[in-house]
Amino acid sequence: MADANAIRAAARLLEAGKLVAIPTETVYGLAADASNPDAVAAIFRAKGRPSNHPVIVHVARDADLSRWASELPDEARQLIDAFWPGPLTLILPRAASVPAAVTGGQDSVGLRCPSHPVAQALLQEFRGGQGGLAAPSANRFGRVSPTTAQHVVDEFGAPGDGPLAAVLDGGQSDVGIESTIVDLTRLATRGPVLLRPGRISAIQLERVLGRALAAPDTAAPRVSGSLDAHYAPLTPVALIASGELAGVLERLQAKGRRVALMHYSAPTGVPASVQMSTDPDGYAHALYANLRAMDAAGADLIVVEQPPQEAHWQGVNDRLRRAAFDSAGVLDRLL
Ligand code: TXA
Ligand code: MG
């Protein structure tokens, strides 16, 4: 676990324009000084991410948000009071000084105040607590997000061998899937819009706001996590309803297919299988680590038993649907 010295050293590297991988309560981030366009450009090069995709700016508790956002509507205040620090990102109108590299050329900015103690300590140390760290998830573009320091090293190599100047170890990320994102830039016309579901659920947000969240439309700000084929392992993934699982597994085995299985209900006879939690938070916590492990298992496909289609499973189901974006095609080829 990163100690105070490692955190101080990381803050100095970031102030010098270097890239540092940081733990957060959701997933690990690939951080750079958000006020330094060259440093932000290095994030996009390292990830292989298109430069018109915006990145989230991470701020310390008590940071002055007027440096980043040109206005803070009442809805933002309410959500910040209820959920920060924590796994919630707010999309707000950007302040004029935010580099275009951060916003992907849009007129909004994503702000998040992470609760992970190492991330908070780093943000307090970095530029005296008033800086911002631009940080997308610390994975190559389109791949599964990392939830341990080792995952980050697996993606980018050890510090010095690749694009990273340092990796701060904060243990395994608690939440395990990326933050909930709410767009507050079109309150007058659309109301608050849920751009990405996560641990903080639509129900919790609606309770605080006292109104319903809208679903994204075509005019919604771009979110790269909303592309199909995002969060995908290299091994093809098929998402199968519980009732069909036994039959599909039987047919795959009859064809000699090597299957890795993530199930959450009944035990199965598949050797490479993991039993997932029946609780959505527990499931999310272990999801990406298990997808990575299954991806390394040398299987022809990863079969995932579909969890319940219920509100509290929205974040998990969203990530599974993207990981299994070609579910029908995969089964067509392998059955
Ligand atoms: O939990 C998280 O949010 C993690 C940790 C590291 O904080 N970060 C993360 O970043 O997931 P990333 O870049 O992988 O996903 C952030 C999403 C992207 O889909 C991006 O397009 C969207 O947030 N985003 C950032 N700024 C935005 C903006 N101004 N307008 C719309 N979407 C924005
Ligand atoms: Mg990402």
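The values are calculated or read from the model by the stated rules, or taken from the named source; none is laboratory data. Bear in mind that the values here come from a model prediction, so they are computed numbers and not experimental data. In this analysis, Cβ positions are derived from the backbone assuming ideal geometry, glycine residues included, and neighbour counts consider all displayed protein chains. Each accessible area value is taken on the protein alone, full model and side chains, heavy atoms only, with ligands, DNA and RNA left out. Shrake-Rupley method; radii C 1.70, N 1.55, O 1.52, S 1.80 Å.
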remark   = Note on residue 96: of the conditions (1) hydrophobic (A, V, I, L, M, F, W, C); (2) more than 12 Å from ligand 1 (Cβ to nearest atom); (3) touching a helix residue (DSSP H, G or I) at 6+ places or on another chain (Cβ under 7 Å), unmet is (3)
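Within region 294-335, count every residue that is part of a loop (DSSP other than H, G, I, E, B) and among the aromatic types (Phe, Trp, Tyr). Please lay out each step first, then the result.
The initial filter retains those residues of region 294-335 that are part of a loop (DSSP other than H, G, I, E, B), namely 296-300, 306-310, 324-326, 335.
Keeping just the survivors that are among the aromatic types (Phe, Trp, Tyr) gives 325.
Of the residues in that region, 1 qualify.
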key: Criterion violated by residue 143 - all others in (1) at pLDDT 95 or above; (2) of a type in the set (Lys, Arg); (3) under 23 Å from residue 322 (Cβ atoms) satisfied   = (1)
message = Go through (1) touching a helix residue (DSSP H, G or I) at 6+ places or on another chain (Cβ under 9 Å); (2) in contact (Cβ under 8 Å) with a residue 12 or more places away in the chain; (3) under 30 Å from residue 179 (Cβ atoms); (4) among the polar types (S, T, N, Q) for residue 242 and report which single condition fails.
response = (1)
task = Using the structure shown, decide if residue 164 is open to solvent by less than 20 Å² (accessible area, probe 1.4 Å), away from ligand 1 (no atom under 12 Å from the Cβ) and part of a helix (DSSP H, G or I).
result = no
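If I ask for residues that are buried (at least 19 other Cβ atoms within 10 Å of the Cβ) and at pLDDT 95 or above, which ones from region 250-267 would you list? Step through it out loud before you land on a result.
Narrowing region 250-267 to residues buried (at least 19 other Cβ atoms within 10 Å of the Cβ): 252, 259-264.
Result: 252, 259, 260, 261, 262, 263.
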ask   = For region 190-202, does any single residue satisfy the condition of being touching a strand residue (DSSP E or B) at 6+ places or on another chain (Cβ under 9 Å), of a type outside the set (S, T, N, Q) and part of a helix (DSSP H, G or I)?
value = yes
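I'd like to verify a number: residues in region 268-285 that are open to solvent by 30 Å² or more (accessible area, probe 1.4 Å) and of a type outside the set (Val, Ile, Thr), how many?
Pass one, region 268-285, residues open to solvent by 30 Å² or more (accessible area, probe 1.4 Å): 268-269, 271-275, 277-279, 281, 285.
Of the ones still in play, those that are also of a type outside the set (Val, Ile, Thr) are 269, 271-273, 275, 277, 279, 281, 285.
The qualifying residues number 9.
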inquiry  = I'd like to check something: does region 161-179 contain any residue that is out of contact with any Pro (no Cβ under 9 Å at 6 or more places or on another chain) and free of Cβ contacts under 8 Å to residues at least 60 places away in the same chain?
reply    = yes
ask   = Is there any pair with a first residue in region 101-121 that is near ligand 1 (Cβ under 7 Å from one of its atoms) and a second that is assigned to a helix (DSSP H, G or I) and not aromatic (Phe, Trp, Tyr) whose Cβ atoms are under 7 Å apart and which are 6 or more apart or on different chains, and what are they?
value = 109/102; 109/103; 114/120
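Checking the condition closer than 22 Å to residue 243 by Cβ and open to solvent by 20 Å² or more (accessible area, probe 1.4 Å), which residue from 310, 305 passes?
Working: 305 fails: open to solvent by 20 Å² or more (accessible area, probe 1.4 Å).
Selected residue: 310, the only one of 310, 305 that is closer than 22 Å to residue 243 by Cβ and open to solvent by 20 Å² or more (accessible area, probe 1.4 Å).
Please work out if residue 59 is under 17 Å from the mean Cα position of the chain (by Cα), more than 16 Å from ligand 2 (Cβ to nearest atom) and open to solvent by less than 50 Å² (accessible area, probe 1.4 Å).
Values: under 17 Å from the mean Cα position of the chain (by Cα): yes; more than 16 Å from ligand 2 (Cβ to nearest atom): yes; open to solvent by less than 50 Å² (accessible area, probe 1.4 Å): yes.
Answer is yes for this residue.
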task = Only residues that are modelled with pLDDT of 95 or more, under 21 Å from the mean Cα position of the chain (by Cα) and among the small types (Gly, Ala, Ser): list them for region 294-322, please.
result = 315
query = Among the residues of region 3-28, how many are within 16 Å of ligand 1 (Cβ to nearest atom) and either at pLDDT below 95 or surrounded by fewer than 24 Cβ atoms within 10 Å (Cβ to Cβ) (or both)?
reply = 1
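Just one of 69, 31 is within 12 Å of ligand 1 (Cβ to nearest atom), over 30 Å from residue 211 (Cα atoms) and either at pLDDT 95 or above or touching a strand residue (DSSP E or B) at 6+ places or on another chain (Cβ under 8 Å) (or both); which is it? Even if it seems obvious, please write down each step before you answer.
Details: 69 fails: over 30 Å from residue 211 (Cα atoms).
None of the others qualify; the one that does is 31.
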note = Scanning region 122-160 for residues that are part of a loop (DSSP other than H, G, I, E, B), under 22 Å from residue 5 (Cα atoms) and either more than 10 Å from ligand 1 (Cβ to nearest atom) or of a type in the set (D, E, K, R) (or both) gives 130, 131, 132, 148, 158, 159, 160
inquiry  = Suppose we filter region 206-219 for residues that are out of contact with any helix residue (DSSP H, G or I) (no Cβ under 7 Å at 6 or more places or on another chain) and hydrophobic (A, V, I, L, M, F, W, C); how many remain?
reply    = 3
